[in-house]
Ligand code: SAM
C-alpha cells in the first residue's frame with residue numbers, strides 16, 4: 001500500500017533536501033530498531049546503530065507485545081535517528097547533571113538519557129497530556145531509573161526552577177512529517193497551516209522554559225519534521241532574541257547525517273533517503289547568561305507526597321540496595337516510594353508546585369499490617385535481591401504474568417515470591433499454595449489473545465556479559 005503524501009508537502013521541503021528522493025523513501029518500509037537497557041542486559045549480536053552504543057537495527061518487526069523482556073524494560077523500541085541524542089549528551093556527562101525532558105511521553109528520549117546520566121544526576125520528565133504522562137511513568141518505572149520525577153504540567157509551570165537545569169530537552173510537538181511512513185494519520189492531518197501553528201507553539205515552548213536553564217546550560221531542541229519552519233526558523237529567531245549560540249556535534253561521514261546552517265542556526269537532519277532512521281532534526285543551543293538557581297528560602301510542602309520520618313522509613317529499607325542514600329515517602333494513593341536524599345528539597349518543591357505523577361523507586365503498598373511489594377519495585381536497578389525468595393519462570397509463565405493471570409509456581413514456599421525470566425527481574429506474585437496471585441497493574445497488562453503454544457522467538461539475548 002502506498003503511503004499518502006499530502007499536497008504541498010513537496011513544496012514545503014523544496015530547498016531543504018531532494019523532495020522526490022525523500023518522498024520515494026517515505027514509500028518504503030520503515031526500519032525497526034531497539035535500544036537495550038544496559039542496567040539489565042548486555043551487548044547484542046545485532047546490527048548496531050552507529051551513533052548509539054546501545055542501539056540496534058532489527059531485520060524485521062517482531063511482535064514485541066509477546067516478549068517478556070520488552071515488558072520488563074530490558075529494551076525500548078525506538079526509532080534510530082532519535083538515538084543521536086547520545087552524541088549530544090554524552091560529552092556533558094563528566095559530572096552529575098540536572099536534566100529536564102519537557103515533552104517526554106512516551107519516554108524514548110527519557111530512557112536513553114536515563115541510561116547516560118552519571119550517578120548523582122536528577123532527571124525531571126514532563127508530559128502535558130495527562131493520559132500520556134501515565135504511559136511515560138510506566139516506561140520509566142520499567143526502565144528502573146531511581147532518580148527520575150514525572151510531572152504532568154504546562155511548560156510555563158516550571159518558572160519556580162529558574163536557572164536550575166544543566167540540560168533541557170524540548171522534543172517538541174510537531175506536524176509529524178517524520179511519521180508519514182509510520183502512520184497514515186500523520187499525513188492526513190498535515191497541512192501548511194498546521195506547520196505554521198506548530199512553529200508558533202514550538203517558539204512559545206522554548207520561551208516558556210528558557211529561564212529554567214542554568215547559565216552555560218544546554219537546550220536541545222528537536223522535532224520529527226523536515227520543513228525549515230519548525231526547525232531552523234524556530235532556532236534562528238530564538239537564538240537572535242536570546243543572544244545564544246548553536247553548538248556543533250562531530251559527525252562521521254558514513255552516518256550520512258546532514259548538518260545544515262542557516263543564519264547562525266545549526267541543525268542535524270536525518271532524511272530517510274540518506275540516513276538509516278526516520279525523519280528527525282535536532283539543534284543544540286548554549287545559554288551564555290541568565291540567573292543561577294537560588295533555592296527558595298521557604299519550601300512549600302505537599303500534602304499529597306509526604307516524606308516519612310527516619311523511624312517510619314525503617315520497614316522499607318530492606319527492599320533496596322544503598323537505602324541510606326534515599327528518603328522514603330508516601331504518594332497520594334498511600335503507596336511507599338524512595339527518592340535520592342540529595343534531592344529531597346527539590347522533590348518537596350516539585351511535589352508542592354507541580355502535578356507529580358511518579359517519583360523514584362516504587363517500594364510497597366501497606367494494607368493493615370501487611371507490606372506488599374509494588375510490581376514496579378521489581379524493575380528497579382536498586383531492588384535488593386535478598387528481600388524475597390526468587391524463582392526463575394518460563395517464557396510462557398512470564399507472558400502469563402504480564403497478562404495478569406495467576407501462576408502456578410514450582411516452589412512450595414508461600415508468601416511473596418520474586419520472579420525472574422531469563423535472569424531479568426520481572427515482578428512479584430503471592431504464592432498461596434495451589435496458585436500464586438498476581439498483582440500486576442491491569443492498566444499495564446497485555447490485552448492481546450495469546451496462543452501459548454506459539455510464542456515468538458527471542459528478540460534479545462539476556463545476560464549482562466559484554
Ligand atoms: N520525547 C518523546 C519521546 O522521545 O518518546 C516524544 C515527544 S512527542 C514528539 C511531543 C510531546 O509533546 C507529546 O507527548 C505531546 O503530548 C507533548 N505536547 C503537546 N503539546 C505540548 C505543549 N504545548 N507543551 C509541551 N508539550 C506538548
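The values are calculated or read from the model by the stated rules, or taken from the named source; none is laboratory data. Predicted model only: the values in this text are computed from it and were never measured. Cβ: placed from backbone, ideal geometry, glycine included. Neighbour counts: every protein chain shown.
If I filter the stretch 160-175 down to residues being away from the ligand (no atom under 14 Å from the Cβ) and not in a loop (DSSP other than H, G, I, E, B), which single residue comes out as surrounded by the most Cβ atoms within 10 Å (Cβ to Cβ)?
Step one: filter the stretch 160-175 for residues away from the ligand (no atom under 14 Å from the Cβ), giving 160-166.
Remaining after also requiring not in a loop (DSSP other than H, G, I, E, B): 160-161, 165-166.
On the way: 160: 14, 161: 23, 165: 25, 166: 18.
Here the residue is 165.
Find all pairs meeting these conditions: Cβ atoms under 6 angstrom apart; at least six residues apart or on different chains; first residue within the stretch 261-287 and in contact (Cβ under 8 Å) with a residue 12 or more places away in the chain; second residue surrounded by 24 or more Cβ atoms within 10 Å (Cβ to Cβ) and in a loop (DSSP other than H, G, I, E, B).
From the stretch 261-287, the pairs are 267/231; 270/277; 279/224; 279/226; 280/224; 281/231.
Go through 317, 404, 385 for me and flag whichever is free of Cβ contacts under 8 Å to residues at least 24 places away in the same chain, farther than 30 Å from residue 297 by Cα and not in a strand (DSSP E or B).
On the way: 404 fails: free of Cβ contacts under 8 Å to residues at least 24 places away in the same chain; 385 fails: free of Cβ contacts under 8 Å to residues at least 24 places away in the same chain.
Of the residues listed, the single one that is free of Cβ contacts under 8 Å to residues at least 24 places away in the same chain, farther than 30 Å from residue 297 by Cα and not in a strand (DSSP E or B) is 317.
Got a number for residues in the stretch 93-130 being touching a residue at least 60 places away in the same chain (Cβ under 8 Å), away from the ligand (no atom under 16 Å from the Cβ) and more than 16 Å from residue 359 (Cα to Cα)?
Residues flagged as touching a residue at least 60 places away in the same chain (Cβ under 8 Å), away from the ligand (no atom under 16 Å from the Cβ) and more than 16 Å from residue 359 (Cα to Cα) within the stretch 93-130 amount to 1.
Considering only residues that are buried (at least 20 other Cβ atoms within 10 Å of the Cβ) and away from the ligand (no atom under 15 Å from the Cβ), look in the stretch 215-226 and name the one that is nearest to residue 113 (Cα to Cα).
Step one: of the stretch 215-226, the residues buried (at least 20 other Cβ atoms within 10 Å of the Cβ) are 217-226.
Then keep just the ones that are away from the ligand (no atom under 15 Å from the Cβ); that gives 217-218.
Numbers: 217: 16, 218: 14 Å.
Among residues in the stretch 215-226 that are buried (at least 20 other Cβ atoms within 10 Å of the Cβ) and away from the ligand (no atom under 15 Å from the Cβ), the one nearest to residue 113 (Cα to Cα) is 218.
Take the residues of the stretch 57-77 that are crowded, with 21+ Cβ neighbours inside 10 Å and under 28 Å from residue 256 (Cα atoms): which is farthest from the ligand (Cβ to nearest atom)?
Filtering first and then ranking leaves 75.
Does residue 209 satisfy the criteria of being touching a residue at least 60 places away in the same chain (Cβ under 8 Å) and either surrounded by 16 or more Cβ atoms within 10 Å (Cβ to Cβ) or in contact with a strand residue (DSSP E or B) (Cβ under 6 Å, 6 or more places away or on another chain) (or both)? Spell out how you get there, then give the answer.
Numbers: touching a residue at least 60 places away in the same chain (Cβ under 8 Å): yes; either surrounded by 16 or more Cβ atoms within 10 Å (Cβ to Cβ) or in contact with a strand residue (DSSP E or B) (Cβ under 6 Å, 6 or more places away or on another chain) (or both): yes.
Criteria met by residue 209.
Only one of (1) within 16 Å of the ligand (Cβ to nearest atom); (2) in a helix (DSSP H, G or I); (3) without any contact (Cβ under 8 Å) to a residue 40 or more places away in the chain fails for residue 90. Which number is that?
Result: residue 90 fails condition (1) only.
For residues that are out of contact with any strand residue (DSSP E or B) (no Cβ under 9 Å at 6 or more places or on another chain) and on the phi < 0 side of the Ramachandran plot, scanning just the stretch 348-378, find the one that is surrounded by the fewest Cβ atoms within 10 Å (Cβ to Cβ).
Once the filter is applied, the top-ranked residue is 369.
Name the residue, out of 405, 392, 384, 413, that is under 28 Å from residue 347 (Cα atoms) and over 23 Å from the mean Cα position of the chain (by Cα).
On the way: 405 fails: under 28 Å from residue 347 (Cα atoms); 392 fails: under 28 Å from residue 347 (Cα atoms); 413 fails: under 28 Å from residue 347 (Cα atoms).
The conditions single out 384.
How many residues are part of a helix (DSSP H, G or I), at pLDDT 85 or above and away from the ligand (no atom under 14 Å from the Cβ) when one looks only at the stretch 176-193?
Residues meeting the conditions: 2.
Any idea how many residues of the stretch 259-292 are surrounded by 17 or more Cβ atoms within 10 Å (Cβ to Cβ), modelled with pLDDT of 95 or more and within 24 Å of residue 159 (Cβ to Cβ)?
Residues flagged as surrounded by 17 or more Cβ atoms within 10 Å (Cβ to Cβ), modelled with pLDDT of 95 or more and within 24 Å of residue 159 (Cβ to Cβ) within the stretch 259-292 amount to 4.
What are the residues in the stretch 131-159 that are away from the ligand (no atom under 12 Å from the Cβ) and in a loop (DSSP other than H, G, I, E, B), if any?
If the condition is that a residue be away from the ligand (no atom under 12 Å from the Cβ) and in a loop (DSSP other than H, G, I, E, B), then 144, 145, 146, 147 are the ones that fit.
Could you please find all residues in the stretch 251-304 being over 16 Å from residue 220 (Cα atoms) and out of contact with any helix residue (DSSP H, G or I) (no Cβ under 9 Å at 6 or more places or on another chain)?
252, 253, 254, 256, 258, 291, 292, 294, 297, 298
Is at least one residue of the stretch 26-47 in contact with a strand residue (DSSP E or B) (Cβ under 9 Å, 6 or more places away or on another chain) and part of a helix (DSSP H, G or I)?
Among the residues of the stretch 26-47, not one is in contact with a strand residue (DSSP E or B) (Cβ under 9 Å, 6 or more places away or on another chain) and part of a helix (DSSP H, G or I), which makes the answer no.
Within the stretch 12-46, restricting attention to residues that are closer than 16 Å to residue 225 by Cβ and touching a helix residue (DSSP H, G or I) at 6+ places or on another chain (Cβ under 8 Å), which residue is surrounded by the fewest Cβ atoms within 10 Å (Cβ to Cβ)?
Selected residue: 23.
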